[in-house]
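Here is the structure we will look at, set down as structure tokens.
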């Protein structure tokens, strides 16, 4: 459930942070940092940061689903579970041999 009900750029950013596992207090702290960085073009900054966060969370292999898998032992989070199950030899990011993968279930 989103923290804010209106479609304001700051609300969209807080919703995105909540989807990525930030608590409400952490999201508000991050929001204050964002506001203080660039007060003259808040809207553009928030929209760019929101887009950057969304791109960061997309599977680097299929580019369709959210990253929900951590490769072991390196700990990189770069793919969805479906791609990770097909990618058995090495981490897609650092190419270290894999010992397994763990699926992340966001609350």
Quick one: in the stretch 14-43, which of the residues that are modelled with pLDDT under 75 and under 14 Å from residue 53 (Cβ atoms) is farthest from the chain's Cα centre (by Cα)? 34
Being under 14 Å from the mean Cα position of the chain (by Cα) and either within 17 Å of residue 20 (Cα to Cα) or without any contact (Cβ under 8 Å) to a residue 12 or more places away in the chain (or both), is that true of even one residue in the stretch 93-104? yes
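Taking helices (runs of 4 or more DSSP H) that do not extend beyond the stretch 15-107, which have at least 1 residues that are touching a strand residue (DSSP E or B) at 6+ places or on another chain (Cβ under 8 Å) and surrounded by 14 or more Cβ atoms within 10 Å (Cβ to Cβ)? Steps first, please.
Values: elements: 24-37, 42-56, 81-86.
Result: 81-86.
The values are calculated or read from the model by the stated rules, or taken from the named source; none is laboratory data. Note that the structure is predicted; figures quoted are calculated from it, not measured. Here the Cβ is made from the backbone with ideal geometry for all residues, glycine too, and neighbour counts use every protein chain on show.
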